[in-house]
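Scroll down for the structure; my scribbles are underneath it.
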Amino acid sequence: MTSSAVPAIEATGLVKVFGENRAVDGVDLVVQPGSVYGVLGPNGAGKTTTISMLATLLKPDGGSARVFGHDVAKEAATVRGMIGVTGQYASVDETLSATENLVVFGRLLGLSGAKARAKSAELLERFSLTEAAKRPLKHFSGGMRRRLDLAASLIAQPPLIFLDEPTTGLDPRTRAQMWDTIRELVATGSTVLLTTQYLDEADQLADRIAVIDRGRVVAEGTADDLKASVGTASLQLRLADPADLAVAEARIRNSIGVQPVASAERAWLTVPLQDPARVTDLLVDLRDAGIPLAEFGVQKPTLDEVFLAITGHGADSTAVEAEKEQVPA
Amino acid sequence: MTAVASIAAAQPRNGLARTASQSLTMAYRGLLKIRRTPEQLFDVTLQPIIFTVMFAYIFGGALAGNVANYLPLLIPGILVQTVITGSVVTGTQLREDMDKGVFDRFRSLPIARIAPLAGALLADTVRYAIATTITFVVGAVMGYHQVVDHLGWTVLAGLLVITVSWSISWIFALFGMLARTASSVQGISMLVLFPLTFLSNAFVQTKTLPAVLQWFADVNPISHLITAVRSLVNDQQLTGDFWVSLLGAAVVVAVFAPLTVRAYMRKA
């Protein structure tokens, strides 16, 4: 029997290899029941592949994973009975209406026709989709589709729900609605594992966060732990003359006591800012030292900076540069 | 944790009854999709009407003296050609379906792995039934009176064609699993079916063909099926061709069903 000590997810050394590419390269995760766990990482970091293995959609090439104590490879059928999966791409039928989708999924899960219809009506009501219930999904907005997708994962009231990038591509208002929905879900006692590319999303929703890069977990902890490693905001400085970089770094260390992160090729310095009030000191200090600035700005922590801070600029600069190109600021 | 335990316990093992019910649900989904996108049905609704009318009036006079005399030869031929060609769609649609996100959800549900495949094949028998009915009705309207005079035999002939097409759809379902895209399934399948349906006795009597073609048309399984339908509707007789067609269908299913299921399970 399951006891309260059994984690919702326990993965050890998960590996998935596609040809030459080690998409997931030894991921360890422990997710406690009743919590929201965020998996944070850029495109291609291995988030979806990890979820696919945990949700029995892909067989791991190495390592093992248990969902509520059941092995995802050996007891796949049991695991499928305990999970709901909302994929990154709409995992609902485009040609069918919202009601039809939910009824089909409900019947597949063993509900009678009447019960499936009742459950579908209840979920559509809960996700504010009642008005659109009869329309084919083709005419749905992105946000409505995601909500239906989520609703479809909840038919069997699974204790563990996987959400793969639930808000990617949504406008800010719809994203906030989706966040509320996810919060409600957790309030009813479900365990949620969600992936995201956005630090603020993980911050808003997740109790614990794993930062994943190139198939590995590079940091794990609460949102506060992660933010502490990058500062609550950062000051971006571009020097007029890249030759000043080393001197500027030293001045910043001395004046406000933090280590800036430099990207030499563009003469950018990123300074973690625990105390915004000290920006003035820093700027005055740089002027006194005769280091002219081309630009400066204050930025909230982004995934880039979390990455910079966690992986270190030297070892991982190419990956971070690639990420920057994909997500222009 | 009691909630977890109870949900896990409430999911019984996948018995045969559950698998059947899940397959029926997937077939129901297939029918819903047809209702939502009726243009999918053009190949089994408009095509038999157009082909039947066109061929009857073009070839009727030349081949049989007049249109009415040609119908007993033509209608069974057109019927078999239309319905068998319609079974290609099973392969293309299955492929399209499997490439979509919704298939990920099916795979993550605690259902029998085979249900989506079985459901798709089952739903397609409805398409075959539509094509069969329309072809016979068009024939009857044009003067193929045997269809109405011997309705029981006509229904039996229709069931035979539907059964054989269903068994052949396993082949195209396999193509669907192996091919990279839905359109390549369509391409390969038509490349096979076009000669196979035309190099038969569908539109002419094989004795009018050159020796090599005649040999091929005579051994062509499609010809046997067409002959079986003609015997049933025109002469109200169960001939050897009827049993040969059924046996052929059984062999196709025996060979291709395991192959298709295996290819499907590997993908799913």
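The values are calculated or read from the model by the stated rules, or taken from the named source; none is laboratory data. The model shown is predicted, which means the values in this text are computed figures rather than measured ones. Here Cβ is always computed from backbone atoms with ideal geometry, including for glycine, and neighbour counts include all displayed protein chains.
When A:VAL230 is tested against (1) more than 24 Å from A:ALA23 (Cα to Cα); (2) at pLDDT 85 or above; (3) buried (at least 23 other Cβ atoms within 10 Å of the Cβ), just one condition goes unmet, and that condition is (2). Can you confirm whether the range B:13-33 contains a residue that is within 11 Å of chain A (Cβ to nearest Cβ), at pLDDT below 85 and surrounded by 15 or more Cβ atoms within 10 Å (Cβ to Cβ)? For the range B:13-33, residues within 11 Å of chain A (Cβ to nearest Cβ), at pLDDT below 85 and surrounded by 15 or more Cβ atoms within 10 Å (Cβ to Cβ): present. With respect to the conditions (1) crowded, with 18+ Cβ neighbours inside 10 Å; (2) basic (Lys, Arg); (3) assigned by TED's automatic domain parsing to the domain that holds A:PRO272, A:ARG238 lacks only one, and its number is (1).
The set of residues in the range A:1-18 being at pLDDT 90 or above and within 12 Å of chain B (Cβ to nearest Cβ) consists of A:PRO7, A:ALA8.
Taking the criterion of being within 14 Å of chain A (Cβ to nearest Cβ), farther than 19 Å from A:ILE155 by Cα and touching a residue at least 60 places away in the same chain (Cβ under 8 Å), the residues of the range B:95-114 that qualify are B:GLU96, B:MET98, B:ASP99, B:ARG113, B:ILE114.
The number of residues in the range A:212-257 that are assigned to a helix (DSSP H, G or I) and farther than 25 Å from A:ASN43 by Cβ comes to 17. The set of residues from the range B:230-256 being within 15 Å of the chain's Cα centre (by Cα) and buried (at least 16 other Cβ atoms within 10 Å of the Cβ) comprises B:SER245, B:LEU246, B:GLY248, B:ALA249, B:VAL252, B:VAL253, B:PHE256. Against the test of being buried (at least 16 other Cβ atoms within 10 Å of the Cβ) and either farther than 22 Å from A:THR168 by Cβ or touching a residue at least 60 places away in the same chain (Cβ under 8 Å) (or both), the options A:SER112, A:SER52, A:SER120 yield a single qualifying residue, A:SER120.
Tell me which residues, restricted to the range A:89-120, are within 9 Å of chain B (Cβ to nearest Cβ), in a helix (DSSP H, G or I) and in contact with a Leu (Cβ under 6 Å, 6 or more places away or on another chain). Correct list: A:GLU100, A:LEU108. The single condition among (1) more than 20 Å from B:LYS267 (Cα to Cα); (2) crowded, with 22+ Cβ neighbours inside 10 Å that A:GLY87 does not satisfy is (1).
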